[in-house]
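J.: Please find one structure pasted underneath; my questions will follow.
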Amino acid sequence: MPFYGKYAVAAVCLVGGLGIFFEGYDQGVMSGVNIAPSYVELMDLGDPGSGIATKSGKEGGIVAVYYLGTIIGALAGGALSDRIGRNYAVVCAGFFGLLGQSLQAAAQNAVWMICARIIAGIGTGGIAAVIPVWGSELVGHDARGMVMAFQMVVNFSGISASYWLEYLLSFRDGGNTQVRWRFPLAFQMIFLVALMVIISFMPESPRFDIGNGRRQRGKQTLANFRAQGDIEHPDVVAEYEEIIAAVELESKYETFTYWHMVTGHKSGDLHLGRRTFLAAWLQVMQAWTGVTSVVVYAPTLFRTAGFGAHKSDLLTGIQNMVTMVCCILAIFTIDRFGRRKVLMTGGVGQSLCFFLLGALSKVAADQGSASIGAAAGSFIFIYDFIFAATWLSVPWVYPTEIFPLVIRAKGNAFGIVGWSIGCGTVSLAAPKMFGALGPNAFYIHAVFNLFAVAVVYCFYPEVACRTLEEIDLLFASPSPFVWATEKRFQELKLEHAGLVRQSGLDHKLTDVEAKSTIVQAENKY
């Protein structure tokens with residue numbers, strides 16, 4: 001018996017959240033594995049018998065190679081999803097995930113571990129590329145951001161769960177057992193199996209069904225999610241016709257490969273190269289705004305701020321939980337205020353946090369002041385609060401919104417590629433960066449946040465509360481600048497009435513921004 005309305009949306013949130021929980025757990029689990037003495041000794045990461053990792057290059061390499069796998073998995077998952085469907089693609093990626101996690105849990109040396117992490121990354125990358133697209137295509141246009149924000153709550157729940165599990169296991173036999181790191185690596189397979197089983201019984205994306213000849217099934221899915229199963233409801237009919245119009249519009253173009261998407265070759269007014277760059281670069285910027293350093297190396301950051309080892313470990317666990325709770329804020333901000341304002345406001349706040357964190361940490365280190373160190377540490381929590389409400393969710397939902405129907409999963413795969421590049425480079429750079437610069441390394445993230453604000457202002461158009469079918473018109477402008485993009489969009493809305501419903505669907509904020517950018521464009525040209 002199918003779910004209807006809000007219950008259907010809740011089911012998508014929970015099932016999608018299960019996949020994102022696994023991704024978060026898998027990303028965060030290595031923070032505890034890296035400090036397990038038996039793991040350090042087995043992987044030869046430090047001096048024999050010390051149990052302390054001193055080979056930062058090798059340690060960071062084992063962590064970062066996982067993101068090579070996620071790039072492969074994202075590209076493969078995106079292509080497979082557009083060919084066989086979202087649900088089946090998740091199941092296929094899940095098999096790679098199971099193989100990789102089992103090999104990690106059984107690893108006997110560094111080479112084994114590296115190969116296992118690449119395979120595990122393929123599974124995680126495939127799931128991360130497909131799940132957001134599946135969710136955004138099932139729910140209404142005004143709930144896409146909310147669904148992704150909820151999934152980010154679950155994402156940090158996974159990160160927090162992995163940390164606390166490893167923290168508790170550190171007290172077993174003094175933390176000198178292989179169970180301390182093998183069990184957490186194996187434990188995550190439970191969530192993966194549950195996802196693979198449950199998603200097999202969930203509805204397929206209506207946009208995938210309609211675009212691949214299963215129009216009646218797709219229309220019925222729309223009815224279940226939008227109108228309590230009423231297939232003749234005006235909203236269902238209108239959205240169905242929008243999707244048909246978009247399919248017919250996109251059918252005029254040849255089949256797009258990843259090459260076409262990277263270069264924009266033969267994509268015409270679709271400007272796929274621009275969209276691909278925006279999707280990937282937004283995720284790269286997210287990693288370099290500081291979150292990867294905070295998630296993976298939080299104990300190091302707290303120690304840099306002047307705290308002892310045990311207190312740093314406790315604060316890291318609390319910090320993960322605080323971030324998880326603060327993610328709830330994004331549910332209420334991401335659709336209400338729009339993607340652009342959320343990103344720009346968050347970037348300014350995050351930059352200020354890192355400037356103050358760097359200054360206070362340096363003073364605390366020079367003077368040995370515990371009170372100043374505590375003040376410095378508090379800005380890590382303030383950063384988490386701002387990041388969770390702003391930059392956490394938008395880079396994940398934006399790539400699912402900006403690509404044409406026929407290549408939407410492929411397009412989102414480039415978001416995961418950007419995430420992989422961003423997280424991988426920060427994972428490699430952070431140990432050496434903080435080791436060489438100390439508190440001054442915080443200024444690198446502070447400056448990058450300001451750079452990200454400028455990039456968003458100039459190049460990222462607002463997509464909040466616009467239907468997925470309107471996006472083709474939004475990116476039709478030959479100019480990449482937002483003010484020119486919005487001006488051209490308003491003109492095309494009048495020319496393509498069959499593709500865009502004139503029913504006030506645009507968010508109030510979007511209309512204001514559109515008028516503002518049109519005035520700017522007219523003044524400029």
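The values are calculated or read from the model by the stated rules, or taken from the named source; none is laboratory data. Since the structure is predicted, the reported quantities are computational estimates derived from the model, not experimental observations. Cβ sites come from the backbone with ideal geometry, for glycine too, and all protein chains shown count toward neighbours. For the accessible areas, the whole protein counts, side chains as well, though only heavy atoms, and no ligand, DNA or RNA atoms are used. Shrake-Rupley method; radii C 1.70, N 1.55, O 1.52, S 1.80 Å.
Listed here are the residues, each with its yes/no results for (1) on the phi < 0 side of the Ramachandran plot; (2) among the acidic types (Asp, Glu); (3) under 20 Å from the mean Cα position of the chain (by Cα).
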position	(1), (2), (3)
148	yes, no, yes
183	yes, no, no
213	no, no, no
228	no, no, no
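J.: Turning to a different aspect of this structure: Just one of 454, 364, 429 is more than 23 Å from the chain's Cα centre (by Cα) and either free of Cβ contacts under 8 Å to residues at least 24 places away in the same chain or over 30 Å from residue 209 (Cα atoms) (or both); which is it?
T.: Of the residues listed, the single one that is more than 23 Å from the chain's Cα centre (by Cα) and either free of Cβ contacts under 8 Å to residues at least 24 places away in the same chain or over 30 Å from residue 209 (Cα atoms) (or both) is 364.
J.: Is it the case that residue 449 is open to solvent by less than 20 Å² (accessible area, probe 1.4 Å), closer than 28 Å to residue 490 by Cα and out of contact with any Lys or Arg (no Cβ under 6 Å at 6 or more places or on another chain)?
T.: No.
J.: Next question. Go through region 314-336 residue by residue and tally those that are of a type in the set (D, E, K, R) and crowded, with 18+ Cβ neighbours inside 10 Å.
T.: Going through region 314-336 one residue at a time, the tally reaches 1.
J.: In addition: Taking the condition modelled with pLDDT of 80 or more and either buried (at least 19 other Cβ atoms within 10 Å of the Cβ) or over 14 Å from the mean Cα position of the chain (by Cα) (or both), does residue 133 pass?
T.: yes
J.: Could you check region 150-183 and list, in sequence order, the residues that are among the acidic types (Asp, Glu) and surrounded by 19 or more Cβ atoms within 10 Å (Cβ to Cβ)?
T.: Within region 150-183, just 166 meets the criteria.
J.: Which of the following residues is in a helix (DSSP H, G or I) and in contact with an Asp or Glu (Cβ under 9 Å, 6 or more places away or on another chain): 152, 146, 113?
T.: Being in a helix (DSSP H, G or I) and in contact with an Asp or Glu (Cβ under 9 Å, 6 or more places away or on another chain) holds for just one of 152, 146, 113, which is 146.
J.: Yes or no: region 64-87 includes at least one residue that is open to solvent by 30 Å² or more (accessible area, probe 1.4 Å), modelled with pLDDT under 80 and assigned to a helix (DSSP H, G or I).
T.: no
Listed here are the residues, each with its yes/no results for (1) modelled with pLDDT of 80 or more; (2) surrounded by fewer than 24 Cβ atoms within 10 Å (Cβ to Cβ).
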site	(1), (2)
395	yes, no
403	yes, no
408	no, no
416	yes, no
421	yes, yes
432	no, yes
435	no, yes
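J.: Within the set of pairs 6 or more residues apart or between chains, which connect a residue that is part of a loop (DSSP other than H, G, I, E, B) inside region 338-353 to a residue that is among the polar types (S, T, N, Q) and at pLDDT below 90 with Cβ atoms less than 8 Å apart?
T.: Going by the 8 Å Cβ cut-off, the qualifying pairs are 338/510.
J.: Which one of the conditions (1) at pLDDT 85 or above; (2) within 28 Å of residue 21 (Cβ to Cβ) does residue 273 fail to meet, given that it meets all the rest?
T.: Of the numbered conditions (1) at pLDDT 85 or above; (2) within 28 Å of residue 21 (Cβ to Cβ), the odd one out for residue 273 is (2).
J.: Taking region 432-451 as the region of interest, how many residues are of a type in the set (A, V, I, L, M) and over 23 Å from the mean Cα position of the chain (by Cα)?
T.: Here the count works out to 4.
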